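Let me begin by presenting the structure, written as structure tokens, before commenting on it.
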Amino acid sequence: MILESMTQLALEKISTGIEKIVGPENYSKAKYILHSYAEDASPFPGNPPDFVVLPQNTNEISQLIQFAASHNLSIIPVGGRSGISGASIPRTHSSIMLDLTRMNKIISIDKEIMTVTVQAGITWAELIHKLAKEDLTVGFRGPYGGNAGTVGGSLSSNSIGIGASAYGGACDNVVSLEVVLADGSIIETGSGWKKELPETLSHFTRYCTFNDLTGIFLGDHGTLGVKTQATLKIYPIAEGTAFIDFGFTSIEDCSKLLHYLQVHKLVTEAVILGDTNSIELLASTYHDKYPQLTTIVGIIIEEYDQDIANRKKEICEKKAKQFNGKSIGTFLSKAHWLNKFNLVQSLFEEGFWYNTCHLRPINTLPNLIHQTHELFKKYDMKPNEINWIISALATDRCYCTGWITLFLKDPTKRPLLEKIWHELRELEISNNGVPYWTGLLWEDYVLQRVNPAFYETIQKIKNALDPYHIFHPGVFKFER
Amino acid sequence: MDYPYLSAFRSQMDFCGKCGDCALAVELTTAKKHINKPCVIKNVLGFEAYDARGRILILKRLLDGTLQLNQEIIDWAYTCLLCGNCQETCLALDNGIDLPSMMEAFRRDLIENGKYSPSGKPFEILEKTLTHHNPYGEPHDQRFHFILSENFPPHADILLFVGCTAAYRQQNIALSAYKILKKANIDFTILKDEKCCGSVLLRYGFHDKVKVLAEELMEQIQKSGIKTVVFPCAGCYRTFKIDYPKLIEMPKDIKFIHFSEYLEKLVKEGKYHFRFDSQTRISYHDPCHLGRAAGVFEAPRFLINSINNANLIELETRRNYSHCCGAGGGVKSCFPEISLKVGQNRIIEAAQNNINYLVSTCPFCKTNLSQSLNGQNFKVLDLTELLSQTLDESLTGTIIQKESSFVTHELTQNYITYLSQHPEIFSDLVPGSVLEFTIYDSIDAFEDEKPPTGAFHVVRLENEIEIHPGLADNSDLQLALSEGAVRELVLSKTKKEYSLKFGAFYNDPEEEYWIDFLLHKRTKTLLKMGYGKFAEEAGILDEDEDLDSLDDRVKII
């Protein structure tokens, strides 16, 4: 550890420098505090940073970056660290972790253009809570860990979650970003490119004038700069809502319905429980009453008017029947939509979670589920106290998430679980899947398969924007 | 160093999914629970190390040797308020991950290994308590000097257990409790040799010492032939009710109840009349010891509502998700400046309500909140003080119970009667289940959290159900129904008909006919308790054919 080999004097000099920028209460090098930042919500073993800082504004971050650069320290920007891909775990030593959760303000709500500009450290939960007081909401409502997950964290890691069926993932909803670059300079993307603009007109479109600089920083896993503000699209809170769950005896039929719903943009959200085990785990009531069901899709419709929502629900019912679906109630759809960020936590008692979240075309979902069952059969999951849930969420247009998660109850079975977990990821990525977030979860699988020309291009971007690799070194295995 | 007490929690730590809800959850995204950033210490200090997720990570790393104990960590151990809000918010297990017990166990390991916190406070307070029988180090023979001029009978059925804080620091609470009991001619006494219950020592980790205190106190109480012990202090109450049974065998013939619970009964008997001369806005702060720990939420609210001209304005975080005042868990004595910052945040929360009084039912809460007022123009009072000052000396025998409308409402009575004739509706619930029924005149009233027009709760016992008027202290879920829905439900001739209507009102709500739920426990826990089957029987899960036939039936009605 480089810092441990430093003289006390050098260490004190760094501490004093950081303290001058953020004040004594907003940074720490206490070991126990550093260790509390060593992990995220993934199962990967952690690695504490050397300093943790709670910056309060963009200017402080700019100063910290310049300070880090001049002292050969790296910068790891993090949000609520509720991600489950290991994306925020430090890979190298001599790092300053920027915990942005104190930068949690709504800067402005523009009801003319229908955008909200927020500091990057605001959680999705708080954003939704505050917008609701203005009868407004965001399209993408946040990842499942959105109580702690921040807007900045989601934009850095391409997160997918609630509202994605109609509105796409987190990054699909961005109009503009404020980013602090490796030399400490601050840029605003989209229509924020002008040197001077009236504040009210600075962030109204993403695509204009130049190429899309916003997109460069989305999904960068904190490797290209520190996102300090984001402008997102907003919508009025829907007046009309409708919920309905359909049960199926085949994943093929269920997938056909999902595809139809997405092609015709009928729903706000459509979420699948993909096998009997998953139904038993998350919706046991349905399992008891309808043991023959192998798949359930929960549908949520939000519309300006209740009659429109009701009519769409009727269309969904009619179509579901054509695909052999049966209307069974509203338990799953209501639990999914109303519990929002409190849906998955009750699964924790099954043991720690090992996820394989990724994206895939809807029509490839049945095959994946069948192959997954073959894999599970091979490894005798239940007798080995390894449980699982298979779910999927229709996303953007006609693709979906593949959420297959393993739960380990008995820690002594971890080697077996690691083996299954690895094979499952191989299966998914080899069969039309792509990760949305990468992190330690997917990085090796991705880098084995990346087109060299593609990788060389993003490597060039990295070296151009962050020539000394200050930001989150080690991620994507970029080389200077 | 070994951590035998902490090690007992090692497997529970693995259930933490590191989601971060324990620090950052807010109301709208958690099924409308009244949560807002539950960890008040994290809210003040900012770093991850102070919330449950960070604390569990640190404790795990201490246990596996990745992190070595040092003075900073010993200090950190005493920064947790043990308020339990993180545990209440946590959905990983039926009752949440028990971080307060983990921190207490860690402190116990530290204490038993002679690891002193830098402030030395825990050992200083231990010495004071063992020497002077109170944590303040005040002379024991002066404990009741302010009240001993009153004549207390040598024997009585009721014992007022005053507690150290009310005896030495908040004497007006003790005097108010005395005045209120005297007003109704209650035959009560005090223990003239009352000693500290050991609450604060338990929180520090001195379990063995407290066991001795508990045995001595219980012997003293048993000898005096007392039948009911009444506590104006939430901390003492929690210690007797929750902690002592884990340390010693408790007598089965003595009841331990909080002053607010005891008074609720007397008010319902018509023994008091409370009145403000003009409209007065009051918010109630749930003490952690009384609310989250002991499950008493309704009695204080009932009493505030019973004061004529009092308007109870609920705080943003309340009941089981109430923010801690900042005084608990030994933090007030070890880190008073942190306690005040936490208290100031709670005061800011209360100030949003534009109130005249912030009322609590714990002398320790009152102390810290009063000290945190920072010039706000409302007063902090204990409930005993509020009731004492609104006690109408000129009137007796008139019961002012605003909540009584919950049961006098004819429709509510009809529904209660109907359900009492159909107890089989609740046959799938496990004994001990508590289901709250609330009836509203509009969906807006429900969503805006206006008072229901009717409320009662059903308690599932082993072989029967009990229906109680009013809201429940700690229900599993709140069932909300429109008046129209209830009117139709009570006309049902058969259970099948009831189920069909119930399912339709839930699945296809209309302006006049709707049913909704607010879950007070996590979904998985409720399913284990039989609510899934209950929902199925109630018609919430239904097949197309049933739904189609139901539409016709509802139209006919």
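The values are calculated or read from the model by the stated rules, or taken from the named source; none is laboratory data. Here the structure is a predicted model, which means the values were calculated and not measured. Using ideal geometry, Cβ is built from the backbone for each residue, glycine included, and neighbour counts are taken over all protein chains shown.
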Which ranges mark the helices (runs of 4 or more DSSP H) fully within region A:265-373 that have 2 or more residues being at pLDDT 95 or above and at the interface with chain B (Cβ under 9 Å from one of its Cβ atoms)? A:306-322
Would region B:145-159 turn up any residue that is in a helix (DSSP H, G or I) and of a type in the set (D, E)? no
Scan B:L290, B:L266 and give me the residue that is of a type in the set (A, V, I, L, M), part of a helix (DSSP H, G or I) and surrounded by fewer than 20 Cβ atoms within 10 Å (Cβ to Cβ). B:L266
Filter result for A:L393 (surrounded by 21 or more Cβ atoms within 10 Å (Cβ to Cβ) and in a strand (DSSP E or B)): yes
What helices (runs of 4 or more DSSP H) lie completely within region B:439-513 and have 1 or more residues being of a type in the set (S, T, Y) and out of contact with any Ser or Thr (no Cβ under 7 Å at 6 or more places or on another chain)? B:495-507
Checking A:W388 against (1) among the aromatic types (F, W, Y); (2) closer than 30 Å to B:E27 by Cα; (3) touching a Lys or Arg at 6+ places or on another chain (Cβ under 8 Å), only one condition comes out false. Which one? (3)
Just need a number here: residues in region A:458-471 that are buried (at least 18 other Cβ atoms within 10 Å of the Cβ) and in contact with a helix residue (DSSP H, G or I) (Cβ under 9 Å, 6 or more places away or on another chain). 5
Output for region B:19-33, where each listed residue is part of a helix (DSSP H, G or I) and touching a Lys or Arg at 6+ places or on another chain (Cβ under 7 Å): B:C22, B:A23, B:L24, B:E27, B:T29
Take B:P135 and decide whether it is in contact (Cβ under 8 Å) with a residue 24 or more places away in the chain, closer than 19 Å to B:F240 by Cα and not in a helix (DSSP H, G or I). yes
Any chance A:R425 is surrounded by 14 or more Cβ atoms within 10 Å (Cβ to Cβ), charged (D, E, K, R) and touching a Ser or Thr at 6+ places or on another chain (Cβ under 7 Å): yes
Restricting attention to region A:453-478, which residues are of a type in the set (A, V, I, L, M) and more than 14 Å from A:V180 (Cα to Cα)? A:A453, A:I458, A:I461, A:A464, A:V475
Identify all residues within region B:225-245 that are crowded, with 24+ Cβ neighbours inside 10 Å, under 19 Å from B:L201 (Cβ atoms) and either in contact with a Ser or Thr (Cβ under 8 Å, 6 or more places away or on another chain) or of a type in the set (V, I, T) (or both); write none if there are none. B:C233, B:A234, B:G235, B:C236, B:R238, B:T239
Matching residues in region A:119-151 - criterion: being more than 10 Å from chain B (Cβ to nearest Cβ), in a loop (DSSP other than H, G, I, E, B) and more than 11 Å from A:A170 (Cα to Cα): A:A120, A:G121, A:I122, A:E134, A:D135
Taking B:C16 as the residue in question, decide whether it is in a loop (DSSP other than H, G, I, E, B), more than 10 Å from every other protein chain (Cβ to nearest Cβ) and in contact (Cβ under 8 Å) with a residue 12 or more places away in the chain. no
In region B:86-104, anything in contact with a Pro (Cβ under 9 Å, 6 or more places away or on another chain) and either closer than 23 Å to B:D208 by Cα or away from every other protein chain (no Cβ under 14 Å) (or both) is listed as none
Residue pairs, Cβ under 6 Å, 6 or more apart or interchain, first in region A:50-68 and in contact (Cβ under 8 Å) with a residue 60 or more places away in the chain, second assigned to a helix (DSSP H, G or I). List them. A:Q63/A:I21
Conditions (1) within 11 Å of chain A (Cβ to nearest Cβ); (2) within 22 Å of B:R238 (Cα to Cα); (3) not aromatic (F, W, Y) -> B:I125 fails only (1)
Which one of B:L93, B:L45, B:L62 is surrounded by fewer than 23 Cβ atoms within 10 Å (Cβ to Cβ), aliphatic (A, V, I, L, M) and modelled with pLDDT under 95? B:L93
